[in-house]
Amino acid sequence: MRTILAALFFLILLTVPAVASDQHDRLFDTLDRNGDGSLSKQEFRESTMHPIDREKVIQLFPGFKDSASLNDAEMRDRLFDAMDSNKDGLLSRDEFKKVAPNVLIIRF
Ligand SMILES: [Ca+2]
Ligand SMILES: [Ca+2]
């Protein structure tokens, strides 16, 4: 019995991140309105149904310590630039999934 419980527990541990990742994929697809596989700044601006968790942003990007006075749209633009690690002006799926789940309040 105990073995079965342990096995179940492991199964749950293995499944949960996969499910979350799948949801983040779907969120990315929802935001990618023109379906070109990357998010433009405009597409990311429209993700306002997922508010920014400012404290988490500051934890991840210390440069945001002075961002308290920014409004939500300005914050989103600046966050976009911070997430765009290869600076090509677009968020790839990887760039998005690396940061967005930590800094956006995502309600599925
Ligand atoms: Ca797009
Ligand atoms: Ca990029």
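Values in this text are rule-based calculations from the coordinates and carry no lab data. Please read these numbers as outputs of a predicted model, since none were measured by experiment. All Cβ positions, glycine included, derive from the backbone under ideal geometry; neighbour counts span all protein chains shown.
Quick notes
- Region 21-103, relative contact order [Cα under 8 Å, separation at least 6], %: 39
- Point-to-point label distance, Asn102-Ile58, nm (Cα→Cβ direction, 7 Å offset): 1.7
- Kirkwood-based shape ratio for the chain, expressed as Rg/Rh from alpha carbons: 1.09
- Longest segment of the chain lacking trypsin sites (Lys or Arg not before Pro) that sit in a DSSP loop with at most 16 other Cβ atoms within 10 Å: 34-86
- Helix-derived mean residue ellipticity, 222 nm - over the chain, DSSP H n ≥ 4, -39500 (n - 2.57), to 500: -19000 deg cm²/dmol
- Asn71 versus Arg2: modelled label distance in nm, points set 7 Å from Cα along the beta carbon direction: 6.2
- Computed from Cα positions, the angle between helix 2-31 and the longest principal axis of the chain comes to roughly 20 degrees.
- Those residues of region 73-108 whose amide nitrogen sits under 11 Å from the label point placed on Met49, 7 Å along Cα→Cβ: 107-108
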